[in-house]
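Comments concern the structure below.
The values are calculated or read from the model by the stated rules, or taken from the named source; none is laboratory data. All values derive from a computational prediction rather than experimental measurement. When we count neighbours, we look across all protein chains shown, and the Cβ atoms used for this are built from the backbone with ideal geometry, even at glycine. Heavy atoms of the whole protein, side chains included, go into the accessibility calculation; ligands, DNA and RNA do not. Shrake-Rupley method; radii C 1.70, N 1.55, O 1.52, S 1.80 Å.
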Amino acid sequence: IDEEQKFGVKQKEKLRQFRLSVDTLSMSATPIPRSLHLSMTGVRDISLINTPPINRLPVETKLMQRDDEVLKNAILDELARGGQVFVVNDRVQTITKLAEEIEAMAPEAKVAVAHGQMEDHELERVMDAFLSRKFDILVSTSIIESGLDVPNANTIIIMNAHHFGISQLYQMRGRVGRSSVLAKAFLVIPQRGEISQESMRRLKALDKFQDLGSGY
């Protein structure tokens, strides 16, 4: 079972029931609390691949309240070194507005939008164009969290990061830093409004554990 974090306990048990006797190997680059708990209590064996790919660097992670000047500089810095930028929004309804705000921050950049409510062929066209460097910035929902490998994209800005789960944030941060270039992730929270203690603990965990493999 690859990308184990995508499956629930019931789904995984159902897969196991297809055979009376079956060995199961589950794999994930994302720490999942229930799987870690099963390993710590001795119910499941766990193995770690501790050696990162050659020249892979940790993603520099910054937890911050929204400051458009800081975000603008982050985008322009990435573009100046010839890279691309992911900007993740938590809702489809406000993604066009966010894309317009990003375009205002970087008028010279080509901005594309991607989300799960688009037609399949249109979504594929946008993703292919981003991969081919026809766009500089991709404003998207969390659909980018798995399966994407864009070595030239080395800055990710996650808006309203408190609305995402820890595995989603971990996965999305993993979309950058996939080459030998130092990558940066910005976890952005609003300047106003209450954020639950649980959400802040999730964000601070990602902020604290930035070294490769430290998520476990």
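A few comments on the model shown:
- Set of aspartates and glutamates with alpha-carbon distance to residue 204 below 20 Å, sequence-local pairs under 8 removed: 60, 67, 90, 145, 194
- The long axis of helix 120-131 is offset from the longest Cα principal axis of the chain by roughly 70 degrees.
- Degrees, to the nearest 10: 197-208 long Cα axis against longest axis of the chain: 80
- Counting only protein chain heavy atoms and rolling a 1.4 Å probe, the accessible areas of 137, 195 rank, largest first, as 195, 137.
- 30 Å Cα cut-off, lysine pairs counted over the range 1-143 (separation 8 or more, or different chains): 13
- For the chain, the longest principal axis of the Cα atoms and the long axis of helix 68-80 meet at an angle of about 90 degrees.
- Over all distinct Cα-Cα pairs of the chain, the Kirkwood formula returns a hydrodynamic radius of 18.6 Å.
- Residue ranges 158-165, 176-183 sort as 158-165, 176-183 when ordered by packing (mean number of other C-beta atoms within 10 Å per residue, highest first).
- Relative to the compact-globule estimate of 2.2 N^0.38 Å, the Cα radius of gyration of the range 1-79 comes out at 1.66.
- Translational D in µm²/s for the range 152-202 (Stokes-Einstein at 37 °C, 0.692 mPa s, Kirkwood Rh from C-alpha pairs): 278
- Over all distinct Cα-Cα pairs of the range 115-172, the Kirkwood formula returns a hydrodynamic radius of 12.4 Å.
- Probe 1.4 Å, accessible area per residue of the range 1-61, Å²: 83
- Legend: residues 216, 170, sorted from most to least accessible area (1.4 Å probe; ligands, DNA and RNA excluded), read 216, 170.
- Percent accessible area from carbon and sulfur atoms, the range 58-145, protein chains only, probe 1.4 Å: 46
- Residue ranking by accessible heavy-atom surface, 1.4 Å probe, largest first, among 130, 135 comes out as 135, 130.
- Along its principal axes, the range 96-216 has C-alpha extents of 38, 34, 28 angstrom, given from the largest down.
- Per residue convex hull volume, Cα atoms of the range 69-133, in Å³: 84
- Value of relative contact order over the chain, rounded to a whole percent, pairs C-alpha under 8 Å and six or more apart: 27
- Rolling a 1.4 Å probe across all protein chains gives residue 198 an accessible area of roughly 120 Å².
- Computed over neighbours whose Cβ is under 13 Å from that of residue 110, the net charge equals -1, Lys and Arg +1, Asp and Glu -1.
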